[in-house]
Amino acid sequence: MRVITSVRAMKAAASRLKDAGRTIGLVPTMGYLHRGHLSLVRASKRAADVTVVSIFVNPAQFGPREDLKAYPRDLERDARLLRGEGADILFHPRPGDMYPTGYKTYVEVHELQNKLCGVSRPIHFRGVCTVVLKLFHIVRPDRAFFGQKDAQQAVILRRMVRDLDLDVRVDVRPIVREPDGLALSSRNAYLSPEERRAALVLTRSLKEAKISVSRGERRASAVLARLRARIAAEPPARLDYAAVVDPEELEPLKRIDRRALVALAVFIGRTRLIDNVTVRPGKKESPDKEKAR
Ligand code: PAF
């Protein structure tokens with residue numbers, strides 16, 4: 001696996017690959033890799049000739065009071081895991097190379113960026129879109145791979161690609177979970193053992209939501225009321241938001257008469273975790289087999 005740390009060298013490598021007719025798969029990450037990221041690397045390896053994984057803790061997507069400094073990092077371990085998966089290039093640019101002094105250009109996907117997570121993280125999606133568009137220009141991928149855990153991010157990036165006529169296919173892969181159901185996240189590393197137990201309230205409340213829709217509940221308000229009550233009953237959990245929305249426009253739904261996204265963000269102590277499930281009326285879910293996917 002080649003490790004590239006400058007934008008210039010990455011652009012040169014991408015040009016050579018394109019000239020040779022090779023297809024490029026990109027897995028953009030902020031590092032501290034887990035099985036969810038590795039499933040994206042595997043998907044890219046199946047779909048493209050060359051797989052590039054970027055590791056860049058993007059300052060532009062963190063608010064002033066967020067965890068940019070504390071965000072977990074372990075480049076050596078990440079590189080080892082990526083070698084094990086057969087990734088071809090690890091692109092690990094320096095912040096000053098991505099955002100040189102005087103940097104002033106940002107990309108925004110209006111409206112979609114202000115909903116759900118955008119309410120409590122107002123500059124987050126502007127930062128995500130900006131860095132991802134830069135990565136697309138630098139790496140020139142044919143396909144780019146993202147996880148469904150960040151459902152709003154996936155919706156916004158798809159819209160950016162569509163609106164800006166970018167020649168890249170956005171591939172969104174299912175959430176990867178721990179055996180007990182907790183969605184994998186680099187931020188799970190912040191949780192104490194007690195918080196780790198409490199964090200299961202995300203999975204469990206979403207699972208209940210999915211089952212209640214499969215049993216005929218159509219009122220989003222009733223689904224949300226149960227979800228909120230479940231989370232309120234589990235200190236140290238504190239709800240940031242819970243919502244039942246249209247999966248493309250992210251507009252709140254009153255009735256679940258079609259496919260809907262149930263999304264939530266919950267503080268477990270000081271750690272903010274997100275998770276979501278897609279629900280479909282008429283789709284039977286058995287409580288045993290049901291996974292909060
Ligand atoms: O999902 C993430 O890890 C980040 O938001 C991304 C897409 C790598 C952009 O920094």
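Quick check on this structure: which one of Ser212, Ser286 is at pLDDT 95 or above, of a type in the set (Ser, Thr, Tyr) and out of contact with any Phe, Trp or Tyr (no Cβ under 8 Å at 6 or more places or on another chain)? Steps first, please.
On the way: Ser286 fails: at pLDDT 95 or above.
Criteria check complete, one pass: Ser212.
Within the stretch 139-159, is there a residue that is surrounded by 22 or more Cβ atoms within 10 Å (Cβ to Cβ), away from the ligand (no atom under 11 Å from the Cβ), closer than 25 Å to Leu17 by Cβ and touching a residue at least 24 places away in the same chain (Cβ under 8 Å)?
yes
For the structure I just gave you, tell me whether Arg22 is on the phi < 0 side of the Ramachandran plot and away from the ligand (no atom under 16 Å from the Cβ).
In short, yes.
Could you list, in sequence order, all residues of the stretch 83-119 that are within 24 Å of His34 (Cβ to Cβ), touching a residue at least 40 places away in the same chain (Cβ under 8 Å) and in a helix (DSSP H, G or I)?
Arg83, Glu85, Met98, Cys117
Run Leu40 past the list (1) without any contact (Cβ under 8 Å) to a residue 60 or more places away in the chain; (2) part of a helix (DSSP H, G or I); (3) not charged (D, E, K, R) and report the number of the one that doesn't hold.
(1)
Residue-wise test of (1) without any contact (Cβ under 8 Å) to a residue 24 or more places away in the chain; (2) touching an Asp or Glu at 6+ places or on another chain (Cβ under 6 Å); (3) not hydrophobic (A, V, I, L, M, F, W, C).
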position: Arg204; (1), (2), (3): no, no, yes
position: Leu224; (1), (2), (3): yes, no, no
position: Arg230; (1), (2), (3): no, no, yes
position: Pro236; (1), (2), (3): no, no, yes
position: Leu239; (1), (2), (3): no, no, no
position: Glu248; (1), (2), (3): no, no, yes
position: Arg259; (1), (2), (3): yes, no, yes
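Filter the stretch 27-36 for residues that are in contact (Cβ under 8 Å) with a residue 60 or more places away in the chain and outside any loop (DSSP other than H, G, I, E, B); which is farthest from the ligand (Cβ to nearest atom)?
Arg35
Among the residues of the stretch 48-81, write down those that are more than 13 Å from the ligand (Cβ to nearest atom), crowded, with 19+ Cβ neighbours inside 10 Å and either under 19 Å from the mean Cα position of the chain (by Cα) or outside any helix (DSSP H, G or I) (or both).
If the condition is that a residue be more than 13 Å from the ligand (Cβ to nearest atom), crowded, with 19+ Cβ neighbours inside 10 Å and either under 19 Å from the mean Cα position of the chain (by Cα) or outside any helix (DSSP H, G or I) (or both), then Ala48, Val50, Thr51 are the ones that fit.
Of all residues in the stretch 169-186, which are over 10 Å from the mean Cα position of the chain (by Cα), without any contact (Cβ under 8 Å) to a residue 40 or more places away in the chain and within 16 Å of the ligand (Cβ to nearest atom)?
Arg169, Val170
Six or more apart or on different chains, Cβ atoms under 8 Å: show the pairs whose first residue is in the stretch 187-198 and touching a residue at least 40 places away in the same chain (Cβ under 8 Å) and whose second is among the aromatic types (Phe, Trp, Tyr) and surrounded by 13 or more Cβ atoms within 10 Å (Cβ to Cβ).
These pairs meet every condition: Ala189/Tyr32.
The values are calculated or read from the model by the stated rules, or taken from the named source; none is laboratory data. Everything quoted here is computed from the prediction, not taken from an experiment. Virtual Cβ from ideal backbone geometry, glycine too; neighbours counted across all protein chains shown.
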